[in-house]
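S.K.: To start, I am sharing the structure in question, which I have written as structure tokens.
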Amino acid sequence: MTPTPGDAIALTRLLVRVDSRNPDLVPGAPAEGEVARVLAAVLEAWGFHVTLQEVVAGRPNVVARIGKSGGRSLMFNGHLDVVGVDGMTHPPFEGATTDGRLYGRGATDMKGGVAAMCCAAWRAAQSGLAGEIVLAAVVDEEWQSAGTRGLLERGVRADACVVTEPTRLAIAPAHKGFTWTEVTFAGRAAHGSRYDVGIDAIRHAGLLLAELDRVEREELVRHTHPLLGHASLHAAAISGGSGWSTYPDQCLLAVERRTVPGESPDDAVSEMNRAVRRVAAAEPSVRASVRHVFSQWPSDVAPDAPVVRSLASAMERVGHRTSIEGLSAWTDAALLNAAGIPAICFGPGDISLAHSATEWVSEDEVTKATAVLERLALDWCGAA
């Protein structure tokens, strides 16, 4: 059943009830195909011009437009994929509401935000728009952002963008990036009694971990951003060894480095290589190689940028307090900014509930976010 046009709570519930787990994270998961078709049907019924943009086989972006092309344009961007549901304390795809909280996987990350942006666009269009609103409900943000990458490769653009990630209704113009590296240590297998022959690859990984601890405490605390704090790193995984009485001949250490604006993935990889060289200089038997696995850049829009000022004004005009904060998690805003589209984050929900065993979004926040985004769209695009 198609929700009443502009009903953000009903649309949130509809979207949450569709299992859209990302198959790159959950093998065998259904992906975003069904939820994309459900949302596309709703938006078509509401009067949007809708296209399904298949950027991964069976996993289409929903791109919907309303208003007048040629004027000032505004994009609302949100992702349709969700993470796994193991260990959840409530039914993941029921969309039940208790005490004003709508529960379900993806409720806060970020189907509440997707519903708010769609309903805000429809409401704004009812007043007449001189410009155009572009809705981009994309796939794969939770893995490698094939959706927004494909969107940009196909030339979809706007003069500014709001990514409706959960910010608790704060304006978030900046977030960190990340770089994943793997360090492989080569030891020498030997009987556990033969210290004269064996080389312990796991101990060598420990030496690097101690050096990385020093790097974070002494160096990364100086790599700062006014909204995001300092850069950081952590050991994500470690594996190696074959038995109690055998020197381990290999060890694999995976490290995530969170970068702040002004740092690049190359900076993070170079930093890791320097740390390995220092360890090897102190212990000549260390043999280690560094592999860059994947990176996403940080994102940064000036707090006085036009889209930030316009969103702050919209919040004030509908009676909500304005707060400007950094967002701890990475988002597709970084890709949009890199493509020349000033993109900031604003949406209902708390990022601390994302991916959690108990995920919910406040219906009141969804309602408020819809009102703010409607006002922003009218102010940005102008009245017809």
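S.K.: Cβ-Cβ under 7 Å, sequence separation 6+ or interchain: first residue in region 258-283 and more than 14 Å from E216 (Cβ to Cβ), partner part of a helix (DSSP H, G or I) and open to solvent by 50 Å² or more (accessible area, probe 1.4 Å). Which pairs?
M.R.: Within 7 Å, the pairs are V279/L207; E283/L207.
S.K.: Next up: If I filter region 172-186 for residues that are more than 30 Å from E142 (Cα to Cα) and surrounded by fewer than 24 Cβ atoms within 10 Å (Cβ to Cβ), do I get at least one hit?
M.R.: yes
S.K.: Being open to solvent by 30 Å² or more (accessible area, probe 1.4 Å), assigned to a loop (DSSP other than H, G, I, E, B) and on the phi < 0 side of the Ramachandran plot is the filter here; which residues of region 313-328 pass it?
M.R.: Listed by number, the residues that qualify are V318, H320, R321, T322, S328.
S.K.: Looking at region 291-312, which of its residues are touching a strand residue (DSSP E or B) at 6+ places or on another chain (Cβ under 6 Å), among the aliphatic types (A, V, I, L, M) and open to solvent by 40 Å² or more (accessible area, probe 1.4 Å)?
M.R.: V293, the sole residue that qualifies.
S.K.: Please return the ranges of strands (runs of 3 or more DSSP E) entirely within region 43-117 where 1 or more residues are among the basic types (K, R) and either under 24 Å from the mean Cα position of the chain (by Cα) or under 22 Å from N337 (Cα atoms) (or both).
M.R.: Counting at least 1 such residues, we get 59-67, 101-103.
S.K.: Residues that are part of a helix (DSSP H, G or I), at pLDDT 95 or above and open to solvent by less than 10 Å² (accessible area, probe 1.4 Å): does region 150-157 have at least one? If you could, list the steps in order and put the result at the bottom.
M.R.: We begin by selecting, within region 150-157, every residue part of a helix (DSSP H, G or I); these are 150-153.
Then drop every residue that is not at pLDDT 95 or above, which leaves 150-153.
If we keep only those that are open to solvent by less than 10 Å² (accessible area, probe 1.4 Å) too, we end up with 150-151.
The answer is yes, given that some residue of region 150-157 is part of a helix (DSSP H, G or I), at pLDDT 95 or above and open to solvent by less than 10 Å² (accessible area, probe 1.4 Å).
S.K.: Collect the residues in region 168-191 that are assigned to a loop (DSSP other than H, G, I, E, B) and either touching a strand residue (DSSP E or B) at 6+ places or on another chain (Cβ under 7 Å) or among the small types (G, A, S) (or both), keeping them in residue-number order. Even if it seems obvious, please write down each step before you answer.
M.R.: Applying the first criterion (assigned to a loop (DSSP other than H, G, I, E, B)) to region 168-191 yields 168-170, 176, 187, 189-190.
Once the filter is applied, which keeps residues that are assigned to a loop (DSSP other than H, G, I, E, B) and either touching a strand residue (DSSP E or B) at 6+ places or on another chain (Cβ under 7 Å) or among the small types (G, A, S) (or both), region 168-191 yields A170, K176, G187, A189, A190.
S.K.: Only one of A338, A282 is over 21 Å from K368 (Cβ atoms), surrounded by fewer than 21 Cβ atoms within 10 Å (Cβ to Cβ) and out of contact with any strand residue (DSSP E or B) (no Cβ under 9 Å at 6 or more places or on another chain). Can you tell me which?
M.R.: Working: A338 fails: out of contact with any strand residue (DSSP E or B) (no Cβ under 9 Å at 6 or more places or on another chain).
After ruling out the rest, the residue left standing is A282.
S.K.: Something else: Taking region 341-355, which residues are in contact (Cβ under 8 Å) with a residue 12 or more places away in the chain and either open to solvent by 10 Å² or more (accessible area, probe 1.4 Å) or closer than 15 Å to K111 by Cα (or both)? Walk me through how you get there before you give the answer.
M.R.: Residues of region 341-355 in contact (Cβ under 8 Å) with a residue 12 or more places away in the chain: 341-351, 353-355.
Correct list: P342, C345, F346, G347, P348, G349, D350, I351, L353, A354, H355.
One line per residue, one yes/no per condition, for (1) charged (D, E, K, R); (2) touching a helix residue (DSSP H, G or I) at 6+ places or on another chain (Cβ under 9 Å):
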position: S313; (1), (2): no, yes
position: R317; (1), (2): yes, yes
position: T322; (1), (2): no, yes
position: E325; (1), (2): yes, no
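S.K.: What number goes with the only condition from (1) outside any helix (DSSP H, G or I); (2) closer than 16 Å to V62 by Cβ that G28 does not pass?
M.R.: Single failed check for G28: (2).
S.K.: Here are some conditions: (1) out of contact with any Cys (no Cβ under 8 Å at 6 or more places or on another chain); (2) more than 18 Å from A354 (Cα to Cα); (3) buried (at least 18 other Cβ atoms within 10 Å of the Cβ). V16 meets all but one. Which one does it not meet?
M.R.: Result: V16 fails condition (2) only.
S.K.: Restricted to region 86-136, and to residues that are hydroxyl-bearing (S, T, Y) and touching a Leu at 6+ places or on another chain (Cβ under 9 Å), which residue is farthest from W380 (Cα to Cα)? Give the derivation first.
M.R.: Of the residues in region 86-136, the ones hydroxyl-bearing (S, T, Y) are 89, 97-98, 103, 108, 127.
Okay, now just the ones that are also touching a Leu at 6+ places or on another chain (Cβ under 9 Å), so 108, 127.
Numbers: T108: 26, S127: 13 Å.
My answer is T108.
S.K.: Moving on. Given the residues T367, T358, T331, which is the only one that is open to solvent by 60 Å² or more (accessible area, probe 1.4 Å) and at pLDDT 95 or above?
M.R.: From the options T367, T358, T331, the qualifying one is T367.
S.K.: So for region 342-352 (the condition being within 18 Å of the chain's Cα centre (by Cα) and assigned to a helix (DSSP H, G or I)), does at least one residue qualify?
M.R.: Step one: filter region 342-352 for residues within 18 Å of the chain's Cα centre (by Cα), giving 342-352.
Okay, now just the ones that are also assigned to a helix (DSSP H, G or I), so 351-352.
Scanning region 342-352 turns up at least one residue that is within 18 Å of the chain's Cα centre (by Cα) and assigned to a helix (DSSP H, G or I).
S.K.: Could you check, for region 87-99, whether at least one of its residues is surrounded by 24 or more Cβ atoms within 10 Å (Cβ to Cβ) and touching a residue at least 60 places away in the same chain (Cβ under 8 Å)?
M.R.: no
S.K.: Another question about this same structure. Which residue out of G67, G33, G6, G78 is touching a residue at least 24 places away in the same chain (Cβ under 8 Å) and either more than 25 Å from P166 (Cβ to Cβ) or open to solvent by 60 Å² or more (accessible area, probe 1.4 Å) (or both)? Walk me through how you get there before you give the answer.
M.R.: On the way: G33 fails: either more than 25 Å from P166 (Cβ to Cβ) or open to solvent by 60 Å² or more (accessible area, probe 1.4 Å) (or both); G6 fails: either more than 25 Å from P166 (Cβ to Cβ) or open to solvent by 60 Å² or more (accessible area, probe 1.4 Å) (or both); G78 fails: either more than 25 Å from P166 (Cβ to Cβ) or open to solvent by 60 Å² or more (accessible area, probe 1.4 Å) (or both).
Unique residue meeting the criteria: G67.
S.K.: Take the conditions surrounded by 15 or more Cβ atoms within 10 Å (Cβ to Cβ), touching a helix residue (DSSP H, G or I) at 6+ places or on another chain (Cβ under 6 Å) and outside any helix (DSSP H, G or I) and apply them to L252. Does it pass?
M.R.: In short, no.
The values are calculated or read from the model by the stated rules, or taken from the named source; none is laboratory data. Predicted model only: the values in this text are computed from it and were never measured. In this analysis, Cβ positions are derived from the backbone assuming ideal geometry, glycine residues included, and neighbour counts consider all displayed protein chains. All accessible areas refer to the heavy atoms of the entire protein, side chains included, with ligands and DNA or RNA removed. Shrake-Rupley method; radii C 1.70, N 1.55, O 1.52, S 1.80 Å.
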